[in-house]
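Novice: I have a structure here, written as structure tokens, and I will follow up with some questions on it.
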Amino acid sequence: LPSMGRVIVLRMGHRFFRDSRVTTHVCLTARALGADGVIIADREDKTVESTIREVARRFGGDFSIESGKPWRKTIRDWADAGGRVVHLTAYGLRLPDVIQEINETDGDILVVVGSEKMPGEVFKLAHWNVSVTNQPMSEVAALAIFLDWHQKHRAFEKIFPNGEIRIIPSRDQKKTQQLS
Ligand SMILES: C[S@@+](CC[C@H](N)C(=O)[O-])C[C@H]1O[C@@H](n2cnc3c(N)ncnc32)[C@H](O)[C@@H]1O
């Protein structure tokens, strides 16, 4: 994989219960596509946390998941520690126009995605407001495409150590290998 700093996704606007499935998909997608963890802002959700921990335990790799941290403090602390902040939004600069600049920074990256309504302040706090097309779409899809570009389409190369189970790619069946 290209050398990358840490990538953490900040999931904003999570509504308990209503958003559980989409937030879970944000986490699964982040993990599968090589991010190091997700922070669910403002609202604690132990159910999503334990679902994701269980997947990470079974399928391996290091992935952090936490919930309930205030969004503004999370972004400020991240920037104070020298990290960079990418806010995914249909209103931002086009991904192809900024990805090179983003990939050239050494710092860790916080990727912010919203749910329903985003506070305008996020646009100011972000180092880059980035659009994945200038059409409204799903945060899961936007996150997937951003991470794919960020790591230059090399998600398949990532190794997930210490899992219990590994999927064996197959043409015609569900095949797995039990590792422990
Ligand atoms: C379903 S959208 C709702 C956005 C909300 N209506 C607003 O204007 O703030 C949820 C999240 O998906 C992401 N998103 C949606 N479309 C996007 C796009 N074209 N490019 C990048 N991110 C996008 C943003 O992070 C957004 O907060």
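Novice: When you go through K158, K174, K152 one by one, which is the residue that is away from the ligand (no atom under 16 Å from the Cβ) and at positive phi?
Specialist: K152
Novice: Sticking with this one: Residues that are within 28 Å of R43 (Cβ to Cβ), at least 2 per element: which helices (runs of 4 or more DSSP H) completely within the stretch 85-161 meet that?
Specialist: Here the list reads 121-125, 139-150.
Novice: Let me ask something else about it. So which residues in the stretch 38-84 are under 19 Å from G5 (Cβ atoms) and in a helix (DSSP H, G or I), if there are any at all?
Specialist: Within the stretch 38-84, T74, I75, R76, D77, W78, A79, D80 qualify.
Novice: With among the basic types (K, R), in contact with a strand residue (DSSP E or B) (Cβ under 9 Å, 6 or more places away or on another chain) and more than 15 Å from the ligand (Cβ to nearest atom) as the only criterion, which of K69, K73 stands out?
Specialist: One residue alone meets the criteria, K69.
Novice: Which condition does D97 not pass, out of (1) among the acidic types (D, E); (2) within 15 Å of the ligand (Cβ to nearest atom); (3) touching a residue at least 24 places away in the same chain (Cβ under 8 Å), if it passes all the others?
Specialist: (3)
Listed here are the residues, each with its yes/no results for (1) farther than 23 Å from F156 by Cα; (2) without any contact (Cβ under 8 Å) to a residue 40 or more places away in the chain.
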{"residue": "E54", "(1), (2)": "no, yes"}
{"residue": "G60", "(1), (2)": "no, no"}
{"residue": "I65", "(1), (2)": "no, yes"}
{"residue": "T74", "(1), (2)": "yes, no"}
{"residue": "A79", "(1), (2)": "yes, no"}
{"residue": "V85", "(1), (2)": "yes, no"}
{"residue": "L93", "(1), (2)": "yes, yes"}
{"residue": "I102", "(1), (2)": "no, no"}
{"residue": "E116", "(1), (2)": "yes, no"}
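Novice: In the stretch 8-27, is there at least one residue being modelled with pLDDT of 95 or more, away from the ligand (no atom under 14 Å from the Cβ), under 8 Å from the mean Cα position of the chain (by Cα) and not in a helix (DSSP H, G or I)?
Specialist: Checked the stretch 8-27: at least one residue is modelled with pLDDT of 95 or more, away from the ligand (no atom under 14 Å from the Cβ), under 8 Å from the mean Cα position of the chain (by Cα) and not in a helix (DSSP H, G or I).
Novice: Pairs only if they're at least six apart or on different chains, beta carbon under 9 angstrom, first in the stretch 157-176 and polar (S, T, N, Q), second not in a loop (DSSP other than H, G, I, E, B); list them, first residue then second.
Specialist: From the stretch 157-176, the pairs are N162/R57; T176/I165; T176/R166; T176/I167.
Novice: Can you give me the number of residues within the stretch 103-144 that are under 15 Å from the mean Cα position of the chain (by Cα) and either charged (D, E, K, R) or closer than 12 Å to V26 by Cα (or both)?
Specialist: 13
The values are calculated or read from the model by the stated rules, or taken from the named source; none is laboratory data. All of these numbers come straight from a predicted model, not from anything done at the bench. Cβ sites come from the backbone with ideal geometry, for glycine too, and all protein chains shown count toward neighbours.
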